1. Give me the number: length gained by fully extending Glu35 to Ala62, i.e. 0.36 nm times residue separation minus the C-alpha to C-alpha distance, one decimal in nm.
2. May I ask for the Rg/Rh ratio of the range 3-63, computed from Cα atoms with Rh as the Kirkwood radius, given to two decimals?
3. Which FRET efficiency value, to the nearest 0.05, do you get for Ala21 and Ile51 by plugging their Cβ-Cβ distance into 1/(1 + (r/R0)^6) with R0 = 22 Å?
4. Estimate the FRET efficiency between Ala42 and Glu4 by the formula 1/(1 + (r/R0)^6), using the beta-carbon distance for r and 25 Å for R0, to the nearest 0.05.
5. Take peptides 53-59, 14-20 and line them up by average Cβ neighbours within 10 Å, highest first, as a rough protection proxy.
Amino acid sequence: MKKEDIIRKLTSRKFWLAVAAFVTELIVVFRGDAEQAETVSAIIMAGATVIAYIVGEGLIDAGNTPAGGNTSSAPVCALGHLPHEGKADAEGIRCE
């Protein structure tokens, strides 16, 4: 599995809902009550939100770092890319 695949899974709401549903069903199967299942499910979804936020912000920060690791204030278009390198953002500014 590639790094991009792992990142995509960790930021996927569908993945975390599936994990929460699976764990909730395990609690029910092993005679846990509904309150326990609800609490555990809420904790999993809260953790998923934190993970998705951290990974997403990390990707944004990495995208704003110019090639070569120079963290100077290079201009960045609305897509988060360096300008004049291929694609265009919504305002038509050409960017990487």
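1. 5.7 nm
2. Rg/Rh for the range 3-63 comes to 1.11.
3. 0.80
4. For R0 = 25 Å, the calculated efficiency reads 0.30.
5. Highest to lowest by the protection proxy: 14-20, 53-59.
No lab work stands behind these numbers, since they all come straight from the coordinates. Every value quoted in this text rests on a predicted model; they were computed, and no experiment measured them. For neighbour counting, all protein chains shown are included, and Cβ atoms are generated from backbone atoms with ideal geometry for every residue, glycine included.
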